[in-house]
Protein chains: 2
Amino acid sequence: MLDSETKAVETPEDHAEELRLWLRLLTCTTLIEGEVRGRLRQRFDVTLPRFDLMAQLDKAPDGMTLSDVSKRMMVSNGNVTGLVERLVESGHLDRRTSDTDRRVQVIRLTKLGRAEFRRMAAEHETWIADLFADLSPKDVRELMRLLAKTKASAQKSAARRRP
Amino acid sequence: MLDSETKAVETPEDHAEELRLWLRLLTCTTLIEGEVRGRLRQRFDVTLPRFDLMAQLDKAPDGMTLSDVSKRMMVSNGNVTGLVERLVESGHLDRRTSDTDRRVQVIRLTKLGRAEFRRMAAEHETWIADLFADLSPKDVRELMRLLAKTKASAQKSAARRRP
DNA sequence: ATCAATTTCTTTAGGCTTCAAATAATTGGC
DNA sequence: GCCAATTATTTGAAGCCTAAAGAAATTGAT
């Protein structure tokens, strides 16, 4: 007993399993993301970040602030500024300064933006279904559960570092 | 019976579960990736793509071609060209033209590159372990299994589209 | 041996992304 | 009211990334 404890302290711990898990998680995401990116470009000539941003706004009929968007998308503020600029330019987004706080920009989908997004989203959903087609409903449920646990664990770890 | 079949054809199928699964998968990856990126920058002033490239080379003592790297990392050729340029410039990589095929560039870690990578990798492994800390060994095994299934499913779907 | 097809890599143009610093507006304590 | 701290966003520099086109070398079929 003491021996095994001693050994655990002296030798660096083996985390190869977690490392492999992380690489596999990354591979899955990269694979699917690349596939979705390619299909969006091919079918609709739209980029994935634009689609993602529109997806956020579609869920918020009253609009969102840039900060909200950047938190939800887990990207930097500066990133959102540029994305929004281009989407306003192309007529998909409407941007206005908040009446109550002049620092805040509220963005919404325009009619055009919403129509285009809905059209893309319908097809997008079938792509995703196809990409996950070989997973049984039980697999899906189980993956959901384990990824929820993973997310919680990672958030806890991140909070430990940056409280 | 006929009714349910008819209905299945008439109404668009519901793939909301798969969509949620995909979003959760993406969230987990983004979360962990962002955390790793930040720690690499903070502790070693290195970017994640550079670290990833060095990780590939560390596993290949005899070097790799640029194509090999781009396939393994699942990024474009042009991307690798630029990454390698900067890593050669900083003295971490050695690049030489193959003796047998003058199209091919073989890259290796330099002594410096290997030393720095090993130092970073050791710490990196503990970060990953910490990020996944709340998962039991059984969870890890189960996630590995389900992600393997996911990867296979996605590859099959991708191949269906681009045979 | 020839040459079309393929493979490997680079280049280009454009967009995405981060980090850090700067700007502008609001809030809260006094 | 004043001003320091905070919050929301933008800007700038650097690097990452893709898609598509192009250059150079090899391969293979004839």
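A cut-off under 14 angstrom between Cβ atoms defines the neighbours of A:Leu40, and their net charge, with Lys, Arg +1 and Asp, Glu -1, is 0. Taking trypsin sites (Lys or Arg not before Pro) as exposed when their DSSP state is a loop state and no more than 14 other Cβ atoms lie within 10 Å, the longest site-free interval of chain A runs over A:104-163. Counting only alpha carbon atoms, the long axis of helix A:48-58 and the longest principal axis of chain A meet at about 70°.
Enter the angle in degrees (range 0 to 90, nearest 10) between the Cα long axis of helix A:137-161 and the first principal axis of the Cα atoms of chain A, meaning the one along which they spread out most. Helix A:137-161 sits at roughly 80 degrees to that axis. The residues of the protein assembly as shown present an accessible area of 59 Å² per residue when probed at 1.4 Å with all protein chains retained.
Ignoring any ligand, DNA or RNA, what whole percent of the accessible area of the protein assembly as shown comes from carbon and sulfur when the probe is 1.4 angstrom?
On the way: 9700 of 19260 Å².
C and S fraction of accessible area: 50 percent.
Local charge for B:Met144 was computed over the other residues whose Cβ lies under 12 Å away, with Lys and Arg +1 and Asp and Glu -1, and equals +3.
Go ahead and run the numbers for FRET between A:Met144 and B:Asp101, Cβ-Cβ distance against an R0 of 35 Å, rounding to 0.05. The computed FRET efficiency comes out at 0.15.
Dipole magnitude of chain B about its Cα centre, charges +1 at Lys/Arg Cβ and -1 at Asp/Glu Cβ only, in debye to the nearest 20?
Numbers: 30 positive and 26 negative charges, 148 e Å.
That gives a dipole near 720 debye.
Taken residue by residue and averaged, Cβ atoms of other chains lying within 10 Å of the Cβ of A:121-130 number 5.
Spin-label model, A:Ala16 to B:Ala122: label points 7 Å out along the Cα-to-beta-carbon direction sit 1.8 nm apart.
When the helices of chain B are scored as -39500 (n - 2.57) per DSSP H run of n ≥ 4 and the total is divided over every residue, the value at 222 nm lands at -24000 deg cm²/dmol.
Please work out the Kirkwood hydrodynamic radius for the protein assembly as shown, using every pair of different C-alpha atoms, and report it in angstroms with one decimal place. Display every interim value, and only then the final one.
Numbers: mean 1/r = 0.0445 Å⁻¹.
Hydrodynamic radius (Kirkwood, Cα only) of the protein assembly as shown equals 22.5 Å.
In this rough spin-label picture, where each label sits 7 Å from Cα along the Cβ direction, the A:Asn79-A:Arg43 distance is 2.4 nm.
The values are calculated or read from the model by the stated rules, or taken from the named source; none is laboratory data. Computed from a prediction, not measured in an experiment: that's the story for all the values here. Cβ atoms come from the backbone with ideal geometry, glycine included; neighbour counts cover every protein chain shown. Surface accessibility is based on the protein's heavy atoms, side chains included, excluding ligands, DNA and RNA. Shrake-Rupley method; radii C 1.70, N 1.55, O 1.52, S 1.80 Å.
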